[in-house]
C-alpha cells in the first residue's frame, strides 16, 4: 500500500535539495543511493559534461519477476529559478514554499511517485516485467538531458513521463514540434548626427520584419514568438548588428515549416527594402507527439485510471517535455499529469492527495503490464 507519511517526508526532502538547471549533482547523488537501495542497477551518463552541467542523466534498471515488456518511467531532476534553499510548508493538505522560491513539484513530485512505486511493488511482491527509470538533467533548460541521452541505453518498449499539470488520469496525447529561429541582421554603422544617410540601421530592418510577422497564436495548432532582441552600441551610432531569437511550434509539421518560412521571408523582404543583409538559421528543437488513442501506452494508462476511478482526460498541449524527445527515439511515450499547480512561480503548490494518487497510479500501471504476460 502507498505510504502517505513516507511520500510526504520524501517529497519534503527532495524539494529542499538545490537542483537548478545544470546544478543537479546533489540530487543525482541522492537519487542514485535511493535507487541502488531498492535493488536497481544505476548508470550515470555523460550528458552533464556535454551541456556544461555537473551531473548526467540517471538510467536505472530493475529486472522483472515475470516476462513481459519493459516499461520506462521518467522525470527530470532540475528546477527553474528561484529554486535554491526551498523551505516547504504543509498546511491543510497542501504543500507550498514559504513564498520566496518555487516549490519544485515540477518535477520532484514525479520523482517521488516513481520512488514510492518502486517501494510498493517490492514490499507487496507485485508481479512486474522489467522496469527502467530515467531521471534527466537540464529539462528546464531546453530538454538538453534527454537530447544528449544515448537512445541505445533505453530498452523499454513503452514509456511514461511524469511532467504535466492536471491530476493522475490526465494524458498528453498530442504535443507540438518546435523549431528554434536565430537571426543576425547586418547593417552599416555611421554617425547618427553627422552622416546618418551613410548608415544602414539594423534595428530598423529587424523592426520592419517583425511588424509584418504573424506572431502569437497563428491557429489552433500553431504558435510563434520572437523572444530576444539584442543590438546597438550607442544612441549616436547607426546600429550595424542585431541578434534575434525566436521560435515556432505546431502540432503539424507542415504548418511549422510554413510558419518558419514566413518568418524568414519577412526578414529577407525587409533587407531588400532597406539594405543590409540577414542570416536566418532555423533548427529543429524537438519533434511532435501524436499518439493514436488506441496505442498500448494509452490503453494501459486508461485502464489504470478506470480501476482507481480517476477521471480520464486526453489532452493536447502547446508545451514540450522529455516525452517529445523519447517519442523521437521511437519509444511510444505518454506524458501524464501529476497535479502540480502554478509551476515556475513562487506560488507553486501540490496537494498531498495528488502526491499519493500519483504513486497509486504508477503501481496500478505496473500491475496491469505484469498481467499482460
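The values are calculated or read from the model by the stated rules, or taken from the named source; none is laboratory data. The shown structure was predicted, so the numbers you read here are calculated from the model rather than taken from an experiment. Neighbour counts run over all protein chains shown; Cβ positions are idealised from the backbone, glycine included.
Structural remarks
- Listed by position, the strands (runs of 3 or more DSSP E) enclosed by region 27-93 that each have at least 3 residues that are more than 29 Å from residue 301 (Cα to Cα) are 88-91.
- Any pair with Cβ under 8 angstrom, 6 or more apart, that starts in region 1-23 at a residue that is in the same structural domain as residue 148 (by TED's automatic domain parsing) and over 14 Å from residue 90 (Cα atoms) and ends at one that is surrounded by 15 or more Cβ atoms within 10 Å (Cβ to Cβ) and at pLDDT below 95: 21/141; 22/141
- Residue match in region 264-286 (condition: within 23 Å of residue 333 (Cα to Cα), under 21 Å from the mean Cα position of the chain (by Cα) and surrounded by 15 or more Cβ atoms within 10 Å (Cβ to Cβ)): yes
- A single entry from 298, 289, 210, 205 fulfils the requirement of being under 30 Å from residue 332 (Cβ atoms), in contact (Cβ under 8 Å) with a residue 24 or more places away in the chain and touching a helix residue (DSSP H, G or I) at 6+ places or on another chain (Cβ under 9 Å): 289.
Yes or no, residue by residue, for (1) buried (at least 19 other Cβ atoms within 10 Å of the Cβ); (2) over 23 Å from residue 142 (Cβ atoms):
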{"site": "11", "(1), (2)": "yes, yes"}
{"site": "21", "(1), (2)": "yes, no"}
{"site": "27", "(1), (2)": "yes, no"}
{"site": "31", "(1), (2)": "yes, no"}
{"site": "46", "(1), (2)": "no, no"}
{"site": "53", "(1), (2)": "yes, no"}
{"site": "58", "(1), (2)": "yes, no"}
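Yes/no per residue for (1) under 15 Å from residue 359 (Cβ atoms); (2) out of contact with any helix residue (DSSP H, G or I) (no Cβ under 6 Å at 6 or more places or on another chain):
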| residue | (1), (2) |
| --- | --- |
| 1 | yes, yes |
| 15 | no, no |
| 52 | no, yes |
| 78 | no, yes |
| 94 | no, yes |
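- Failed item, numbered, when residue 159 is tested on (1) surrounded by fewer than 22 Cβ atoms within 10 Å (Cβ to Cβ); (2) in contact with a strand residue (DSSP E or B) (Cβ under 6 Å, 6 or more places away or on another chain): (1)
- Output for region 138-148, where each listed residue is crowded, with 20+ Cβ neighbours inside 10 Å and either in a helix (DSSP H, G or I) or out of contact with any strand residue (DSSP E or B) (no Cβ under 7 Å at 6 or more places or on another chain) (or both): 138, 144, 145, 146, 148
- Scanning region 287-296 for residues that are over 19 Å from the mean Cα position of the chain (by Cα) and closer than 30 Å to residue 260 by Cβ, we see that the one that is modelled with the lowest pLDDT is 293.
- Lone unmet requirement of (1) over 18 Å from the mean Cα position of the chain (by Cα); (2) surrounded by 21 or more Cβ atoms within 10 Å (Cβ to Cβ); (3) within 30 Å of residue 349 (Cβ to Cβ) for residue 201: (3)
- Within this structure, residue 115 fails the test of being at pLDDT 95 or above, under 19 Å from residue 350 (Cβ atoms) and assigned to a loop (DSSP other than H, G, I, E, B).
- Within region 45-64, no residue that is closer than 12 Å to residue 25 by Cα sits with its Cβ atom under 6 Å from a residue that is in a strand (DSSP E or B) and modelled with pLDDT under 95 at 6+ positions apart or across chains.
- Any hit, region 298-319, residues being farther than 13 Å from residue 171 by Cα, assigned to a loop (DSSP other than H, G, I, E, B), touching a strand residue (DSSP E or B) at 6+ places or on another chain (Cβ under 8 Å) and not assigned by TED's automatic domain parsing to the domain that holds residue 219: yes
- Options 355, 362, 334; residue that is in contact with a strand residue (DSSP E or B) (Cβ under 9 Å, 6 or more places away or on another chain), within 23 Å of residue 126 (Cβ to Cβ) and either free of Cβ contacts under 8 Å to residues at least 40 places away in the same chain or outside any helix (DSSP H, G or I) (or both): 334
- Any hit, region 121-128, residues being outside any loop (DSSP other than H, G, I, E, B), buried (at least 24 other Cβ atoms within 10 Å of the Cβ) and either out of contact with any strand residue (DSSP E or B) (no Cβ under 8 Å at 6 or more places or on another chain) or in the same structural domain as residue 32 (by TED's automatic domain parsing) (or both): no
- Residue match in region 75-89 (condition: more than 27 Å from residue 351 (Cα to Cα) and in contact with a strand residue (DSSP E or B) (Cβ under 9 Å, 6 or more places away or on another chain)): no
- Looking only at residues of region 320-331 that are assigned to a helix (DSSP H, G or I) and touching a residue at least 60 places away in the same chain (Cβ under 8 Å), we find that the one that is farthest from the chain's Cα centre (by Cα) is 326.
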